[in-house]
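As structure tokens, the structure follows; a few thoughts come after it.
The values are calculated or read from the model by the stated rules, or taken from the named source; none is laboratory data. As the structure is a prediction and not an experimental result, all values here were calculated from the model. Don't worry about glycine lacking a Cβ; one is built from the backbone with ideal geometry, like all the others, and counts go over all protein chains shown.
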Amino acid sequence: MERQIQALGHRVVGTAQTGRRAVEMARTLTPDLILLDIAMPGLDGISAAREILAARAVPIVMVTGHADPDLVERAAAAGVFTYLLKPVSQRDLDAAIQMARARFAELQALRQQVRDLTEALEIRKVVEQAKGILMKRLQVSEAEAFRRLQRRAAAQRRSIREVAEAVREADRFYRELETDDQ
């Protein structure tokens, strides 16, 4: 298998004989793709894959002689990208590696998109709250409150989120002062 991988133009950074060693090597060597067998002494390949993926995202290809549908299901549930049955031809190995890398890139792009959307939603939430505070305190329209946030952000060379958070913090401060007097 190692020769097949090298013949495809890839570099083998390590070979583990046990599942536990595979987990350790994945942490220390940080490979960009991992090939595992299900039947590994100690920690099986599926459990090793689960541990590796809990620590960091990396495409994993399971190469094994076991065609049991339950094992395939367990491997998929663990996060394995591709499942190959031995004996593996170089052509099949190449296709599996390419597929795993492509799916991994798609998954990473989707994860980044989720992070970006979550951030945008959080910014929108903070800005909406700040607009509400300005509308109430300054008796202005929503559009005017937003324009004021934008102008303040531009004048201070800060993001609109930073300005909106400052408005929220100032509002909290004033509400605390109002309750202190009572």
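For segment 89-123, filtered to residues that are surrounded by fewer than 11 Cβ atoms within 10 Å (Cβ to Cβ) and within 24 Å of residue 64 (Cα to Cα), the residue that is nearest to the chain's Cα centre (by Cα) is 91. Only one entry of 52, 97 meets the criterion of being in contact with a strand residue (DSSP E or B) (Cβ under 8 Å, 6 or more places away or on another chain), part of a helix (DSSP H, G or I) and in contact (Cβ under 8 Å) with a residue 40 or more places away in the chain, and that entry is 97. Scanning segment 139-152 finds no residues that are part of a helix (DSSP H, G or I) and either within 16 Å of residue 35 (Cα to Cα) or in contact (Cβ under 8 Å) with a residue 24 or more places away in the chain (or both). Evaluated against (1) under 24 Å from the mean Cα position of the chain (by Cα); (2) over 16 Å from residue 79 (Cα atoms), residue 40 falls short on exactly one condition, (1).
Which residues, counting only those in segment 60-94, are assigned to a loop (DSSP other than H, G, I, E, B), modelled with pLDDT of 95 or more and in contact with a Lys or Arg (Cβ under 6 Å, 6 or more places away or on another chain)? Of everything in segment 60-94, just one residue is assigned to a loop (DSSP other than H, G, I, E, B), modelled with pLDDT of 95 or more and in contact with a Lys or Arg (Cβ under 6 Å, 6 or more places away or on another chain), namely 81. The combined condition, being over 30 Å from the mean Cα position of the chain (by Cα) and either assigned by TED's automatic domain parsing to the domain that holds residue 120 or without any contact (Cβ under 8 Å) to a residue 24 or more places away in the chain (or both), is fulfilled by residue 172.
Restricting to segment 137-150, give me the number of residues that are within 19 Å of residue 169 (Cβ to Cβ), within 36 Å of the chain's Cα centre (by Cα) and loosely packed, with under 14 Cβ neighbours inside 10 Å.
Going residue by residue through segment 137-150, those that are within 19 Å of residue 169 (Cβ to Cβ) are 137-138, 145-146, 148-150.
After this cut, where a residue has to be within 36 Å of the chain's Cα centre (by Cα) as well, the list is 145-146, 148-150.
Within this subset, residues satisfying the condition of being loosely packed, with under 14 Cβ neighbours inside 10 Å are 150.
Residues flagged as within 19 Å of residue 169 (Cβ to Cβ), within 36 Å of the chain's Cα centre (by Cα) and loosely packed, with under 14 Cβ neighbours inside 10 Å within segment 137-150 amount to 1.
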